[in-house]
Amino acid sequence: AATSGTSSAVVSRSGGSVILNAVGILSSQHKLRSSSWTGLRPGAGVSQLSKTDGIHVCREVLETHGLVRAAAVDQSSVTTGAPPPPPAAPIKQESDVRISQVAKDTMTIRGRCMDRLKYEVEYGLKRGTTNNSYVIKGTNSTALIDIMDQSFAEAFTKTLETAFDLSSIKYLVLGHFSPKRVESLKILLQALEKKGTSIEIYCSNPAAQLLTKLLASDTLEKVYKLKTVRAGDVLDLGGHELQFILTPTPRWPDGMCSYDPSTQLLFSQKLFSAHVCEENDYDIGGVDVYGEDWRFYFECMLASSPKQTKAALEKLDIVAQYSKPSYKDRKGVDVVKEDMKFIFSTVLSAFNLPISKGMLAGSLGDKLVTAAICPLHGPIVRSSLTELVREYGVWTYEKLKQSEEATVAVIYASAYGNTTALAQAISRGISKAGVGVDTLNVEICSTEELVASLQRCSGFVIGSPTLGGHMPTPIQNALGVILCDEYAKKLPCGVFGSFGWSGEAVDMIEQRLKDCDFNLAFPTIRCKFKPTEATLQVCEESGTDLAQAIRKLKLKKRSEAAPKFTVASNVEQAVGRVVGSLCVLTARSGDAESAMLASWVSQASFVPPGLTIAVAKDRAVEGLVLVGARFVVNVLGQNKSNAVAKQLLKPFLPGENRMEGLETTVASNGGLILKDAISWMECTVQSRMETGDHWVLYAVVDSGKLEDDTTLTAVHYRKTGARY
Ligand SMILES: Cc1cc2nc3c(=O)[nH]c(=O)nc-3n(C[C@H](O)[C@H](O)[C@H](O)COP(=O)(O)O)c2cc1C
C-alpha cells in the first residue's frame, strides 16, 4: 500500500524472486546499499586466474567438452572476489522422449525436459525445453532430421530403435551440429554398426568440418558417409523431396533448414525455436502461451545478428498456409490468398521487412507455403504461424533500426562454445539498452568484414578462449587489425574470454589494448570453463554498461550540437506528472463511452512515451480499452481531485453518463479532457497483459499537455494493498 509513486529498487536472483523496496522521502535521500545489499558486484562470480591440480583440470576439460558425464564441479577451485554464491537449485531431471505423428509419413521425436537441462549454460531455461527431431518415411527411403543433445543421447537412439527399423533409416539431415550432439551421434552410429548398416549424413560445410574433427578418433567412418549440402540441393525420399536452405548466423554458422513441399513442413532448426516444455507438441494457446518464450529466445539467440537473421528470413521466404480452406469469391478471386497477400504486403512492407517474393509476384504456389514450422526446440508452430513469422520480421527490423543509431562490434572466437556463451550474454546486455550488435565470429568472417564493422561501430568487445597457452590465430589477426585502427582507440571497449587454468589469451588481449591506450569500459571478464549464471549476469550487465556509455556520449554530442535551452515537449511535460497519480481515464467507441478513476498508472517507456494502467476486469470501461483503442488520461491535482473522485465513485446505472456535471472538452481521439486536469494525455492501447483480477494496459501517448505546473499531482494512499 506504500508503493504509490515512491522510488523503488529491484533485485532479482536466479530463482526468479524479485524484491521491491519502497523508499520513503527520507530514506530515498540516502544512498542505497546496492552492492552489499544485492551481494553482486562487477566481477562477482567471475573466475580469476587460479592454478588447480592437474587431475581436476583434466576432468573439467573432459566434462566441458562433453567427453565424460558431468559431475558436481568443485567450487573451491574457482577464485572470485565475491562472497561464495548461494547453492544452486537442484536440477530436476524430469524428462522423457516421446513420438507422435505430425503429418503424412512424418513423425516427431521429442526429448522433453520440464526443468533445466544439465548441460545448458547460456540460457534461462526456466520453463524447460525440448530437443526435437523428425522422421520422414518416403516410398524409397527414410530420413532422420536432427539429433538430440547429450542430455537425451541414449534415450534418443533407444526410442528410435523401438519405433523404427533402424536399418531403414538411410539419411540423417543435420540442420545443426555442435560438440553437445557428438555423444548422441556416436550412440546412433554404434547402433547402426551393430545392425551392419550405414547412413548418409546431409549437412552444411561448417557442420561437416566439425563432425569430421570430432569423430576423427573414432572407428565409425564405415558407418557414415558425409554429403556437404549446397544451396538448392534436394534429397528425394520418394513422395517427399526435401529442399535445403542454408541459413548461417555467427552463432550457428552451420545452420541449415529443410522443407518438404509434400507436407508443407519447414524444419527450421534454431529459427522459430523456444526453450519451453508444455504437455502439447503444438503451439496450442498461441502467442498468449508461447509469445514470451519465442521473444526471449529471439532476444538471446538472434537479436545480436539481425543482418544474418534477415537474410535467413528472406531465403526462407515463408508464406503461411492459411488454416481455413481456400475459397473463391464471385469474381473467382482466391479470397484467402488475397488476405495473405494483404497481410504480407501491407504489414511487412510498412516495416521494410522481408516480403515473400512469391507474394509480390502474386503467386503463392511454389514458394515455401508452410503449414507448420518444426523447430529444434519448443512447440511445433501451427496456429501462430502467421503471427510468429510476422513478429520475427518486426523484431529483426527493430534490431536493424537500433544498429543504424549505434552498434557495438562483438568480436570473438570459440572452440567449444564457452566464449560464445559469454559473447551472447554481452550482446543481450547491449541490445537490451537499445544499441545494435554486430556479431563477428572471426573464424568465419573475413578481414574486410571486420574492418568495415570497426569503421561503423561506436564501441567493441573482443573475446577469446585460451588454447595451448595462446589465443587462436583468427583472434590474433583480429587483434592486429584493431590495434592498427587509430579511430578504434577512442571507442569504449571490453575484453572477455573463457580459459581452463592459465588463461593467457585474455591477459594478452587486455595488456595489448592497455599498452596502446584503448578505452576499456568494463573490467575484463575471465571465466573458467563453462560460465555460471552469475558470470552470464556479469556479462549482460557489462554489455548494458557499455551500451549506456555509448548512448550517453551520443546524447551529449547531440545536446552540444543543439541550442542550449531546449524545453521539453508538451507530451514530455504532461507525462512527467505521472507518478502513480490519481487519474481519470475516459474512452469512447462509436456511441459508447465510459470513464473510470485510475490510481495504478505508471510511466512505462520513454521512447515512445508510454504508460501502464491497471484496469479491474469488471470495470465498465474495460471493453473500450482493447488493443488499438484510444482513450484519454487526465491527471488530477492535489486539491482538485475530491469533487471528481466523488462523482466517479458513486454507483451508476448501466450506460449512465459517468462524467455528468463535470466540465470537459472533447479530445481529438474522442475521449474527454477534464477542465480541472493538471495534465492530460491522448493514448492508444498497444498491448494488454492479464494479471490476476486486473488487465494491465500498455498504452502509447500520442499527444498531451501540461495545463497547470504549480499544483502537485493527487496521489491515493491506501490503508491496505488488498483493495483500492
Ligand atoms: C586443446 C586444448 C588446449 C587448451 N589449452 C589451454 C591453455 O593453455 N590454457 C588455459 O587456460 N586453458 C586451456 N584450455 C581450456 C580452454 O581454454 C577452455 O576449455 C575454454 O573454456 C574453451 O573456450 P571455448 O569453449 O570458447 O572454446 C585448453 C583446452 C583445449 C581443448
Nonlocal amide H pairs with SER599, under 5 Å, H built at 1.01 Å = CYS583
Potential lengthening between GLU241 and GLN209 on full extension [0.36 nm per residue; Cα-Cα distance subtracted] = 9.0 nm
request  = Step through the table entries LYS180/LYS528; LYS646/LYS719; LYS137/LYS186; LYS194/LYS270; LYS170/LYS222, compare each Cα-Cα distance with 20 Å, and write down the pairs that go over it.
outcome  = LYS137/LYS186; LYS194/LYS270
Rounded, prolate or oblate (a/c below 1.5 giving rounded, otherwise prolate when a/b exceeds b/c) for segment 626-724 by Cα gyration tensor = rounded
task = Quickly rank 433-441, 508-516, 227-235 as a protection proxy: mean count of other C-beta atoms within 10 Å, highest first.
result = 433-441, 508-516, 227-235
message = Using DSSP to call loops (not H, G, I, E or B), can you name the trypsin sites (Lys or Arg not before Pro) in segment 616-666 whose Cβ has at most 11 other Cβ atoms within 10 angstrom?
response = LYS617
Filtered chymotrypsin sites (Phe, Trp or Tyr not before Pro), segment 597-650: DSSP coil and at most 15 other beta carbons within 10 Å = PHE606
key: Linear extension gain, ASP618 paired with ASP96, 0.36 nm per residue minus alpha-carbon span   = 183.7 nm
request  = For VAL289 and SER687, calculate 0.36 nm times their separation in residues minus their Cα-Cα distance, and state this gained length in nm to one decimal.
outcome  = 141.8 nm
key: Mean Cβ neighbour count within 10 Å, used as a protection proxy, ranking 372-380, 672-680 highest first   = 372-380, 672-680
request  = Pull up all non-local amide H partners of LEU368: gap of 5 or more, or a different chain, and H-to-H distance under 5 Å with H placed in the peptide plane.
outcome  = VAL319
Cα-based equivalent ellipsoid, segment 406-561: semi-axes from gyration tensor eigenvalues, Å = 24, 18, 13
task = Per residue of segment 202-210, in order, report the coupling 6.51 cos²θ - 1.76 cosθ + 1.60 (Karplus, θ = phi - 60°) as ³J(HN,Hα) in whole Hz, putting x for Gly and Pro.
result = 9, 7, 6, 4, x, 5, 4, 5, 5
query = Kirkwood hydrodynamic radius (Cα pairs, Å) of segment 566-663?
reply = 14.5
key: Evaluated over segment 124-164, the Cα radius of gyration and Dmax, each in Å   = 12.6, 42
DSSP-loop chymotrypsin sites (Phe, Trp or Tyr not before Pro) across segment 397-444, with at most 13 other Cβ within 10 angstrom = none
key: Residues of segment 517-550 with amide N under 18 Å of a point placed 7 Å along Cα→Cβ from VAL607   = 544-550
Relative packing of 692-702, 242-252, which averages over residues the other C-beta atoms within 10 Å, highest first = 242-252, 692-702
query = Distance in nm between label sites at LYS315 and GLU193, each 7 Å beyond Cα in the beta-carbon direction?
reply = 3.3
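Bear in mind these aren't lab numbers, they're just calculated from the coordinates by the rules spelled out. Computed from a predicted structure; not experimentally measured. Methodologically, a virtual Cβ is constructed for each residue, glycine included, from the backbone with ideal geometry; neighbour enumeration extends over all protein chains shown.
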